[in-house]
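**Student:** Got a structure for you, written out below as structure tokens; questions coming shortly.
The values are calculated or read from the model by the stated rules, or taken from the named source; none is laboratory data. Here the structure is a predicted model, which means the values were calculated and not measured. Because the Cβ atoms are built from the backbone with ideal geometry, glycine has one as well, and the counts that use them run over all protein chains shown. Heavy atoms of the whole protein, side chains included, go into the accessibility calculation; ligands, DNA and RNA do not. Shrake-Rupley method; radii C 1.70, N 1.55, O 1.52, S 1.80 Å.
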Amino acid sequence: MRLWPLLLCLPICLAGAVFADTCPDAPDHSAGLDDLIAQIQQAESEQEARVISNQMWAFWADAPDEQSQAILDRGMSRREAWDLLGALQDFDRLVEYCPNYAEGYNQRAFVNFLRQDFPAALVDLDRAIALSPRHIAAISGRALTLMGLRRLDEARDAMAEALALNPWLPERGLAAPGGPLAPPGQDL
């Protein structure tokens, strides 16, 4: 007789466990990001642009919940310590848990780029950009990855897209005259 209330609770309790393992939607920072893009396009110095860029990173790295934030932070720490396999495991877990969170893909792409696994990086960058079309870091990362794959025309286009959003990117020298991604006809 006492078992009956527990059996009635079982479907509800199991549903709670399933929901606990579901990643919520990432915070919507699109309006703030649009404002920061407008600001960085008007920045008058590299130092001013760097401050704005850091604010963009705060938006991109704002994970959907505490669990995903902890995974993201741990993966980024491992990557910074050059524990690339550990970082890759964390970002695999983050992407599995939060398949609609662009930064999980962007960070996993960065690790694969560092490992020179350019095909895997490109797949993740394409997914990050599909989820967050104005993710400047993912777009510039895509340009660098395409460059690693020796697909220079596509890399040039991706870098131009990234620089249109943020003309102060550290990679901007690659698209300057004489750089490997300079527009055709702008050789030194």
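**Student:** Would you be able to say whether some residue in segment 56-64 is open to solvent by 10 Å² or more (accessible area, probe 1.4 Å), at pLDDT 95 or above, part of a helix (DSSP H, G or I) and small (G, A, S)?
**Tutor:** yes
**Student:** Just checking, how many residues over segment 113-135 are open to solvent by 30 Å² or more (accessible area, probe 1.4 Å), under 20 Å from L36 (Cβ atoms) and either of a type in the set (D, E, K, R) or not in a helix (DSSP H, G or I) (or both)?
**Tutor:** Here the count works out to 2.
**Student:** Still on this structure, I have one more. Among all residue pairs at least 6 apart or on different chains, which show Cβ distances below 6 Å where the first residue, located in segment 144-156, is in a helix (DSSP H, G or I) and the second is charged (D, E, K, R) and modelled with pLDDT of 95 or more?
**Tutor:** L146/E154
**Student:** Now a separate question. Scan segment 100-115 residue by residue and report those that are polar (S, T, N, Q) and closer than 21 Å to H29 by Cα.
**Tutor:** Kept after step one, since they are polar (S, T, N, Q), are these residues of segment 100-115: 100, 106-107, 112.
Listed by number, the residues that qualify are N100, N106, Q107.
**Student:** Look at A138 and say whether it is modelled with pLDDT of 95 or more and more than 23 Å from Q39 (Cα to Cα).
**Tutor:** On the way: modelled with pLDDT of 95 or more: yes; more than 23 Å from Q39 (Cα to Cα): no.
Judged against the criteria, A138 is not a match.
**Student:** Quick one: which residue in A70, A31, A49, A109 is within 22 Å of N166 (Cα to Cα), part of a helix (DSSP H, G or I) and open to solvent by 10 Å² or more (accessible area, probe 1.4 Å)?
**Tutor:** Details: A70 fails: within 22 Å of N166 (Cα to Cα); A49 fails: open to solvent by 10 Å² or more (accessible area, probe 1.4 Å); A109 fails: open to solvent by 10 Å² or more (accessible area, probe 1.4 Å).
On inspection, the qualifying residue turns out to be A31.
**Student:** Okay, next question. Are there any pairs, at least 6 apart or on different chains, whose C-beta atoms fall under 8 Å, with the first in segment 159-188 and buried (at least 17 other Cβ atoms within 10 Å of the Cβ) and the second at pLDDT below 90 and not in a helix (DSSP H, G or I), and if so, which?
**Tutor:** Here the result reads A175/P183, each pair linking segment 159-188 to a residue that is at pLDDT below 90 and not in a helix (DSSP H, G or I).
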